[in-house]
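Report on the following structure.
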Amino acid sequence: MSLTTDADAPSKSSNNPIIPSRQFAYLTDLNPADNSKFIQVRVYRKWTTTKMPGFTPIAFSCMLLDKKGSAIQANADLKEKDRFDRDLQINCVYKIQGFGFEKADSWGKTLDNDITLSFGKYTQADLLQDNDYPFHYFNFAAFNELSPRLEKKNPILTGLTRQQLEVQTERLTDWHQERTRNRVPLTTLLQIDPKTQQRVLFTQDAKILQIDTSHDWYYQKCDECGGKLTYGYLHGQCHQYGTTPNPQNRIVITDGTANAVMSCFTPQTDGLIKDVNALLKEVDNKDPAIIPPAILALQNTRHVFQFQFATPTAKPPPTFVLKKIMDSPSTTLPEPPASTSFPLISSAGPSSPPTDTPESFTSEGITPPPATPAFSQDTPGDSSTITHQPVDPPVRKQLFIQPTDEEDDPAPKKQKTD
């Protein structure tokens, strides 16, 4: 493919940056921090990645081979599936550029690579005519090699009896009551099923034992797709990438009964650490794997945490997500509105007897209506009090009136004879 330009033609946009020419690279020479390479590969396999157990499609995936026999997996968002399913045909050779990099997921990892390619709207695939590329790849793991590759960080518990909790699901307006709402020991929370307590807020007065240094303390978001950016990895498929930091500290807390892992995100970390942007200005090394001293200083400090269960995973024990630090009230919670007593007004006519004594309706500044005289057995029958019959709505008008004993019996009708 060749590009031709007219030197005499004026530039349409003088603000467009000059894109440097890309250089060829084999799959083994790719660098996640370098987006100036293109590859020439053969499409070996392609499929739709699904999520278990419902077999929900989540991405387009393919396996690519270069001339050296190396292989790499490439993924694309599901909305780009139709495009790449059409542009990338099996056993065809392509020149591909404008891709990004991601860390290989353990659950969807088909090759022994630490990175996968990410295809997007800026990815270009040009068909090549070259038969010197291998048609097959054989460096797959044998069946007896799968067990060592399986992650076994946490054992799987079976036959565990889980207990049910009685929790308060509504937020309380009083801060002191909210501070102690659902105060459940950690040893009890670690034994229940997280799926039964999703979105339920718990509180606990606990101490931070340690900061999990195996996780990055912040990450950046791509300004195009909004996805999480791994430090040193470029989203070439999304053009440029942004620098929106978001802390994701993981701490180990204890309340004296058990230890639990809690993830902390901004802005829920207010009251625990300072703003992440201010913290990034203070540190010299921006590598998220290097924990700043200000975060490490949180170890062995005690706080009141309000948290909830994290999204359940297949690996127990459950973990938690911080929602708020409740050491001191940051804002005044709204007070419940004062209840005001009003006289109850009956919807019946004026002759209806009152439902309660007049004293129950009186209050300061409110004059009760005059009481309607009640009828009793002591009321004389020839009293001059006028009795008003209640008026029924038209839709409830009685159509057939039953005869009473006081009315004269009508004359009997003659029976018909044949």
| note | Per the list (1) touching a strand residue (DSSP E or B) at 6+ places or on another chain (Cβ under 8 Å); (2) farther than 16 Å from Ser118 by Cβ; (3) surrounded by fewer than 16 Cβ atoms within 10 Å (Cβ to Cβ), residue check on Ile58 breaks on (2)
| message | Quick check on my filter: what residues within region 161-213 are in the same structural domain as Pro316 (by TED's automatic domain parsing), closer than 13 Å to Gln308 by Cβ and of a type in the set (S, T, N, Q)? | response | Asn182, Thr196, Gln197, Gln198, Thr203, Gln204
| said: Would you confirm, using the coordinates I've provided, whether Ile295 is in a loop (DSSP other than H, G, I, E, B), at pLDDT 75 or above and assigned by TED's automatic domain parsing to the domain that holds Leu186? | reply: no
| remark: If you go through Gln248, Gln268, Gln308, the only one that is at pLDDT below 85, within 20 Å of Arg181 (Cα to Cα) and in contact with a strand residue (DSSP E or B) (Cβ under 7 Å, 6 or more places away or on another chain) is Gln268
| Looking at (1) surrounded by fewer than 15 Cβ atoms within 10 Å (Cβ to Cβ); (2) more than 16 Å from Leu127 (Cα to Cα); (3) not aliphatic (A, V, I, L, M), which is the one condition that is false for Asn91? | (2)
| message | Among the residues that make up region 306-319, is at least one of them among the β-branched types (Val, Ile, Thr), exposed (fewer than 13 other Cβ atoms within 10 Å of the Cβ), out of contact with any Pro (no Cβ under 7 Å at 6 or more places or on another chain) and closer than 23 Å to Glu170 by Cα? | response | yes
| request: Could you check how many residues of region 99-142 are modelled with pLDDT under 90 and more than 37 Å from the chain's Cα centre (by Cα)? | output: 12
| Got a number for residues in region 35-56 being part of a strand (DSSP E or B) and in contact (Cβ under 8 Å) with a residue 24 or more places away in the chain? | 12
| said: Here's a check for you: in region 194-211, which residue that is in a loop (DSSP other than H, G, I, E, B) and modelled with pLDDT under 85 is nearest to Ala314 (Cα to Cα)? | reply: Gln198
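The values are calculated or read from the model by the stated rules, or taken from the named source; none is laboratory data. From a predicted model like this one, the values you see are computed outputs, not experimental measurements. Every residue, glycine among them, receives a Cβ derived from its backbone with ideal geometry; neighbour counts consider all protein chains shown.
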